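Student: One structure follows; several queries about it will come next.
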Amino acid sequence: MAKLKEKGINPGLAVIIVGDDPASRVYVNNKKKACEYCGIKSEEYALPEGTTQEELLKLIEELNGRDDISGILCQLPVPEHISEEAVINAIDPKKDVDAFHPVNVGKIMVGNYDFVPCTPAGVMELIHESGIDVSGKECVVVGRSNIVGKPQAMLLLHENGTVTICHSRTKDLAEKTKNADILVAAVGKPNFITGDMIKPGAVVIDVGINRMPDKKLCGDVEFETAEKIAGAITPVPGGVGPMTIAMLMKNTVKAAIVNKTK
Ligand code: NDP
């Protein structure tokens, strides 16, 4: 960070949260803590539940115009009276550290991108750091959301995986998952993928974060049965979650460099 600052590159992240959703509050606090740890300036904009869309878009416009803010994110979900799409579209693509703007989504599709959504980027980092080569592997992604499933599939495809995307209408899911050398679960249902749905020796990456009635966090994969079959597996908590925050820091630094050089 010191070397970047010597070059006049000063990353700054603006985090917007609308309303008082407890899970969103935890995520925002973790992002602020990570910024402090990395020496990145962060500004939090905690707006009341009743904030209008116009007020929110005006704030984003102001932040778009500030040189000392290189990255902007609005914690999702936003309250129902605000259009998520309008918020995503309002953020300057060069400051879009979540990589949700259609310009950045398109860039990911063609394989020429500055930012990758933080969770799929974190999954790829885990795969790389573990020395796993994606090329030629059967990759199955369960979930097709814009923020996890779809970009995840695209990143695996860019690394020459043979990718299958599964969703709620997929027929005989277990038949698909059992074929996976690399299985990514992003469903949002606790313990949904069980050991008998996994190919022996497979790499199993659990993106799910589900809050159980006892307040404990639980993944989409039933860890106890899956770990006996998998060759490698990520836990929840402590697997993809921290990687997501790390990738946000990376994107914020990248945004500062991109904004400085463009
Ligand atoms: P969404 O609810 O947007 O998407 C869930 C996906 O799962 C959908 O595509 C849905 O299919 C699919 N699905 C639902 N039921 C089934 C089923 N029975 N069989 C197969 N597929 C099914 O969730 P997100 O992608 O936003 O998040 C997924 C999980 O990841 C959540 O637990 C979330 O909390 C967690 N998450 C974790 C992050 C982290 O940092 N670790 C970051 C972001 C999310 P369909 O499209 O047909 O409805």
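Student: Looking at Lys95, is it closer than 30 Å to Glu175 by Cβ, at pLDDT 95 or above and buried (at least 18 other Cβ atoms within 10 Å of the Cβ)? Let's see the steps before the verdict.
Tutor: Working: closer than 30 Å to Glu175 by Cβ: no; at pLDDT 95 or above: yes; buried (at least 18 other Cβ atoms within 10 Å of the Cβ): yes.
So Lys95 does not fit the description; no.
Student: Restricting to helices (runs of 4 or more DSSP H) lying wholly in region 150-262: which have 3 or more residues that are more than 16 Å from the ligand (Cβ to nearest atom) and over 29 Å from His101 (Cβ atoms)?
Tutor: On the way: elements: 173-177, 223-229, 240-261.
Hits in region 150-262: 223-229.
Student: Just checking, how many residues over region 216-262 are of a type in the set (D, E, K, R) and within 13 Å of the chain's Cα centre (by Cα)?
Tutor: First, the residues of region 216-262 that are of a type in the set (D, E, K, R): 216, 220, 222, 224, 227-228, 250, 254, 260, 262.
Next, only the ones that are within 13 Å of the chain's Cα centre (by Cα) stay: 250.
Selection size over region 216-262: 1.
Student: One residue is enough: does region 126-137 have a residue meeting the conditions within 21 Å of Arg211 (Cα to Cα), modelled with pLDDT of 95 or more and within 14 Å of the ligand (Cβ to nearest atom)? Full working, then the answer.
Tutor: Quick first cut of region 126-137, residues within 21 Å of Arg211 (Cα to Cα) only: none.
Taking every residue of region 126-137 in turn, none turns out to be within 21 Å of Arg211 (Cα to Cα), modelled with pLDDT of 95 or more and within 14 Å of the ligand (Cβ to nearest atom).
Student: Under 23 Å from Val26 (Cα atoms), touching a strand residue (DSSP E or B) at 6+ places or on another chain (Cβ under 8 Å) and modelled with pLDDT of 95 or more - does that describe any residue in region 105-125?
Tutor: Looking for residues that are under 23 Å from Val26 (Cα atoms), touching a strand residue (DSSP E or B) at 6+ places or on another chain (Cβ under 8 Å) and modelled with pLDDT of 95 or more, one finds at least one in region 105-125, hence yes.
Student: Could I ask something else about it? Would you confirm whether any residue within region 49-56 is assigned to a loop (DSSP other than H, G, I, E, B), hydrophobic (A, V, I, L, M, F, W, C) and farther than 21 Å from Asn160 by Cβ?
Tutor: No: region 49-56 contains no residue that is assigned to a loop (DSSP other than H, G, I, E, B), hydrophobic (A, V, I, L, M, F, W, C) and farther than 21 Å from Asn160 by Cβ.
Student: Follow-up question, since we're still on this one. Please indicate, with yes or no, whether at least one residue in region 237-254 is hydroxyl-bearing (Ser, Thr, Tyr) and within 30 Å of Ile91 (Cα to Cα).
Tutor: First pass over region 237-254, keeping only residues hydroxyl-bearing (Ser, Thr, Tyr): 244, 252.
Of the ones still in play, those that are also within 30 Å of Ile91 (Cα to Cα) are 244, 252.
Among the residues of region 237-254, at least one is hydroxyl-bearing (Ser, Thr, Tyr) and within 30 Å of Ile91 (Cα to Cα), which makes the answer yes.
Student: Against the condition of a type in the set (D, E, K, R) and under 26 Å from Val15 (Cβ atoms), how does Asp206 come out, does it pass? Talk me through it step by step, then tell me what you get.
Tutor: Working: of a type in the set (D, E, K, R): yes; under 26 Å from Val15 (Cβ atoms): yes.
So Asp206 fits the description; yes.
The values are calculated or read from the model by the stated rules, or taken from the named source; none is laboratory data. This one's a predicted model, so the numbers in the text were calculated from it and none came from an experiment. All Cβ positions, even for glycine, are placed from backbone atoms using ideal geometry, and neighbour counts span all protein chains on display.
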